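These notes are about the structure you will find just below.
The values are calculated or read from the model by the stated rules, or taken from the named source; none is laboratory data. Small disclaimer: the values here were computed from a predicted structure and weren't measured. As a convention, Cβ positions derive from the backbone with ideal geometry for all residues, glycine included, and neighbour counts pool all protein chains shown. The accessibility values were calculated without ligands, DNA or RNA, using every heavy atom of the protein model including side chains. Shrake-Rupley method; radii C 1.70, N 1.55, O 1.52, S 1.80 Å.
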Amino acid sequence: MLMVLTPTLMLVPTIWATPAKWLWPSALLHSLLIALASFTWFKNTAETGWAFLTPHMATDPLSSPLLVLTCWLLPLMILASQNHLSSEPLNRQRMYITLLTSLQIFLIMAFGATEMIMFYVMFEATLIPTLFLITRWGNQAERLNAGTYFLFYTLAGSLPLLVALLILQNNTGTLSLLTLPFSNPLLLLTCSDKMWWAGCLLAFLVKMPLYGVHLWLPKAHVEAPIAGSMILAAVLLKLGGYGMMRMLIMLESLTNELSYPFIIFALWGVIMTGSICLRQTDLKSLIAYSSVSHMGLVVGGILIQTPWGFTGALILMIAHGLTSSALFCLANTNYERTHTRTMVLARGLQMALPLMTAWWFIAALANLALPPLPNLMGELMIISSLLNWSWWTLALTGAGTLITAAYSLYMFIMTQRGPLPMHMITLDPSHSREHLLIALHLLPLILLILKPELVWGWAA
């Protein structure tokens, strides 16, 4: 673990000591080396158990794909942010990269934690850099409102979790993930036990977000700068799914009855947010709502507690992380040229930037789960495990996948096809930096087709 964590910590003084000319190249190279070093976490010598154990941290087949995704995203965020920060003063550029690095440190410690309280502290700590990114580097005045929504939704959800963890510590005497699965099963019979169950999962359901407590997400995404949107869509939402998978081991007996309303909300949310996507005019808002829709499937897959559901949820989380991050990057390349997020005002870009259209096409197809991409593997595993649980879910998941395909194609056709508007006179050509950025998102996704067992998690 320290092999990746120490270089990430040392990246902070490197950023502040580097001369202005070499700031972005050195930060990019350093973070890319860290990302390549993190691939060693895939080598799990134990078939099912923990690897890379240190006193406070470890990886297992569930956390290692998420850890690698976290490390992979930092160089991509640095690549994506280079253009729109070039006009800022040098110290603010340094501060921005430092915030991104601190976010990676907190996320590595959250996904690697073997102790629930450490996970909780790091889960909360990721709020601070993200809030700074949204409220300081956002695009317009609405960003303060978005930051407030983001902060209060997440805090209101996660305070009950702290109380729930302290109660668990009181009852079992430990919060270590290594020993909790082997502690005596809890007898959860009273009404207060049901409240405790809800407290344990509420924070994660808000973070996912579950339909109904999702209003902070579109606001935060639309107002955040490109790096904020990327890390939010790709990794911060996955903290919720990861936390739910870890906590459900202790909540076994109650989940069978109490999970019904949450599964229904999640699957209804797939249809509702998909329908909202179909009438969106704002490109970033459309991609943000599509994240809520995909995460609804993940919540359903986790809450029915079958090995297939868990595996599908993990595959879909990784695939969605890469896909939605790529879509946000593509939306940002459009925004930097046209200075608008409204799709009607930035149509027909295939005529101007044909190679970008190829990237848009691949990303849109990945978003609608084209076979044989991992997105489809995850969705099929979740849908089949839900179908096994109840026949009625097929109506919801089937309609959900249909709507997903519809809004993905709507997004592609609106941004790329049709005549170029008359008000677009000078468009910058696409840069190698942008092509590299999208390629580094979509190549891992395509390569995962060849070796999906890397992200299968526990059921491998």
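Key figures
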| read-out | value |
| --- | --- |
| Relative contact order (percent, whole number), segment 246-356, Cα cutoff 8 Å, 6+ residue spacing | 24 |
| Tyr260 - accessible surface, heavy atoms, 1.4 Å probe, Å² rounded to 10 | 110 |
| Directionally averaged shadow of segment 206-250, computed from the convex hull of its alpha-carbon atoms, nm² | 3.2 |
| Taking N as its residue count, the alpha carbon Rg of segment 158-297 over 2.2 N^0.38 Å | 1.17 |
| Per residue convex hull volume, Cα atoms of segment 94-218, in Å³ | 106 |
| Angle in degrees between helix 90-112 and the longest Cα principal axis of the chain, rounded to the nearest 10 | 30 |
| Spin-label zone in segment 74-94 - amide nitrogen under 13 Å from a point set 7 Å from the Cα of Ala20 along the C-beta vector | 86-94 |
| 20 °C / 1.002 mPa s Stokes-Einstein diffusion coefficient of segment 1-53, Kirkwood radius on C-alpha pairs, µm²/s | 171 |
| Fully extended contour minus Cα-Cα distance, from His435 to Leu189, at 0.36 nm per residue | 82.9 nm |
| Calculated Rg and Dmax of segment 289-387 using C-alpha coordinates, Å | 15.8, 48 |
| Read-out Cα extents along the principal axes in Å, derived from the coordinates shown; its label in [x] 93, 73, 55; [y] 70, 60, 50; [z] 69, 54, 43 | [z] |
| Inter-label distance, nm, simple model (7 Å from Cα along the C-beta direction), Trp268/Asn170 | 3.4 |
| Helix-only CD estimate at 222 nm, as mean residue ellipticity for the chain, using -39500 (n - 2.57) per DSSP H run (n ≥ 4) | -23000 deg cm²/dmol |
| Order of exposure, largest accessible area first, which applies to Leu380, Leu187, Leu11 with probe 1.4 Å | Leu187, Leu380, Leu11 |
| Candidate lysines for bridging to Lys207, where Cα separation is under 21 Å - those fewer than 8 sequence places away on the same chain excluded | Lys194, Lys219, Lys238, Lys284 |
| Whole-percent carbon and sulfur share, accessible surface of the chain, 1.4 Å | 71 |
| Gain in span if fully extended, Leu29 to Phe182, counting 0.36 nm per residue against the direct Cα distance | 50.8 nm |
| Ranking by accessible area, most exposed first, for Trp391, Trp197, Trp72, Trp50 with a 1.4 Å probe | Trp391, Trp50, Trp72, Trp197 |
| Solvent-accessible area per residue, Å², over segment 74-154 with all protein chains present [probe radius 1.4 Å] | 35 |
| Estimated FRET transfer efficiency (His423, Arg92; beta-carbon r; R0 41 Å; 0.05) | 0.80 |
| Solvent exposure ordering (accessible area, 1.4 Å, most first) of Asp193, Asp60 | Asp193, Asp60 |
| Extension gain (nm, one decimal) between Ala395 and Trp50, 0.36 nm per residue minus Cα-Cα | 120.3 nm |
| Acute angle (nearest 10 degrees) that the helix 354-367 long axis makes with the longest principal axis of the chain, alpha-carbon atoms | 20 |
| Spacing of the two label points (7 Å from each Cα toward its C-beta) at Thr342 and Leu443, in nm | 3.9 |
| Nitroxide proxy distance, nm - points 7 Å out along Cα→Cβ at Asn83 and Asn256 | 5.5 |
| Alpha-carbon gyration tensor eigenvalues x 5, square-rooted, for segment 360-460, Å | 33, 21, 7 |
| Principal-axis tilt of helix 127-137 within the chain, Cα atoms, nearest 10 degrees | 20 |
| Taking the C-alpha atoms of segment 210-285, convex hull volume expressed per residue in Å³ | 88 |
